[in-house]
Amino acid sequence: MAETVHQENNEPTAGGQEKTFTQAELDRIVAERLGRERAKYEGFDDFKAKAEKYDQMQEAAKSDLQKAQEESAGWKTKYEALDREITARNIRDKISKETGVPADCLTGETEEACKAQADAILKFRGDKPKYPNLPDGGEPRRGSGGGSSSPWAGVAEQLGAK
């Protein structure tokens with residue numbers, strides 16, 4: 001679209017004076033220029049609506065095969081995530097049985113990572129906790145208990161609480 005450019009003559013007139021514009025003339029010039037700019041963008045909303053309609057038609061035109069392929073890709077992604085989770089859980093259970101460290105304490109995804117975590121936990125824990133020796137070997141007593149001959153009296157002595 002060709003645009004005709006209308007320029008006002010700002011050169012001095014024969015009398016040596018510059019041409020001056022009144023406020024009304026300036027308003028008219030600005031209004032004409034704005035009108036030309038607005039005319040460039042007339043129908044923009046129509047084009048935008050048509051573009052949205054075209055996108056909707058493209059989506060509706062997809063074949064059933066394309067839709068099935070997209071759905072399949074989504075399910076494949078979910079399956080792979082679940083498979084990784086199950087594999088990691090099985091590795092943690094295996095390392096837990098081998099080392100005695102609870103599976104809930106292991107967070108690794110690979111066997112090597114879980115073994116390293118289990119070793120670190122075992123190193124931190126040190127030796128297994130030691131329990132006090134009971135004079136009767138920890139066997140429950142039958143009959144009346146109490147008094148100073150109670151198996152707990154020996155435990156109290158061993159712990160230093162006489």
With every protein chain kept in place and a 1.4 Å probe, the residues 91, 121, 86 fall, from largest accessible area down, as 86, 121, 91
Carbon and sulfur atoms account, in whole percent of the 1.4 Å probe accessible area of segment 42-123, for 55 percent
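The values are calculated or read from the model by the stated rules, or taken from the named source; none is laboratory data. Just so it is clear, the model here is predicted, and its values are computed rather than measured. Each accessible area value is taken on the protein alone, full model and side chains, heavy atoms only, with ligands, DNA and RNA left out. Shrake-Rupley method; radii C 1.70, N 1.55, O 1.52, S 1.80 Å.
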